[in-house]
Amino acid sequence: MLALIASKQGFRPPYLQSIYLPQAKQLQFGHNINWMEEQDIYSIIGEAGFEDLVAHFYRHVPADDILGPLYRGRDLAGAEKRLREFLIYRFGGPARYIEERGHPRLRMRHAPFAIDHPARDRWLRLIASALEETNMPAEAKEILWTYFESTATAMINQAG
């Protein structure tokens, strides 16, 4: 997916003026088009951006009435690290997740958990809140949200 930002002769709409794309690619067709791809996310928000995002998310999990029970008795710090490392890898960073755990196999890894529509919706609500709390460009948030939404839906393994 591409998030496009067009600017003609340096003009940027007011809602985009605060957005800076340090690694953005440019095409010349009479005006500049900067775009951000999934693999650009790591170069833009870095390790710290993913650390903040995942920390904000997991801060709310233990007390959550739907997700909390899924994590009880499990290694929450380990889950946080795995999500962080996976996202770093998935969005253009170092492949530590792959080196340590191999192919992601997300459906298989989530099969032991009863994930229904309410669990998916709550996961998305908490990750949306984490995105709001994390300082990163709007385009990065949009790309991450699109990925989270489709992947969370793919993890559903129970009716309800």
*Would you please list the contacts, defined by Cβ atoms under 7 Å and residues six or more apart or on different chains, that run from a residue in the stretch 136-149 that is of a type in the set (Val, Ile, Thr) to a residue that is assigned to a helix (DSSP H, G or I)?*
143/38; 143/41
*Within the stretch 102-112, is even one residue within 21 Å of residue 41 (Cα to Cα), out of contact with any Asp or Glu (no Cβ under 6 Å at 6 or more places or on another chain) and in a helix (DSSP H, G or I)?*
yes
_Residues located in the stretch 147-160, provided they are within 16 Å of residue 66 (Cβ to Cβ), of a type outside the set (S, T, N, Q) and surrounded by 14 or more Cβ atoms within 10 Å (Cβ to Cβ)_ = 152, 155, 156
*Assess whether residue 144 counts as being surrounded by 12 or more Cβ atoms within 10 Å (Cβ to Cβ) and within 21 Å of residue 38 (Cβ to Cβ).*
yes
_Looking only at the stretch 116-135, filter to residues that are surrounded by fewer than 19 Cβ atoms within 10 Å (Cβ to Cβ) and in a loop (DSSP other than H, G, I, E, B); which one of those is nearest to the chain's Cα centre (by Cα)?_
135
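Bear in mind that the values in this text are calculations on the coordinates, not laboratory data. Since we're looking at a predicted model, the values are computed, not measured. Virtual Cβ from ideal backbone geometry, glycine too; neighbours counted across all protein chains shown.
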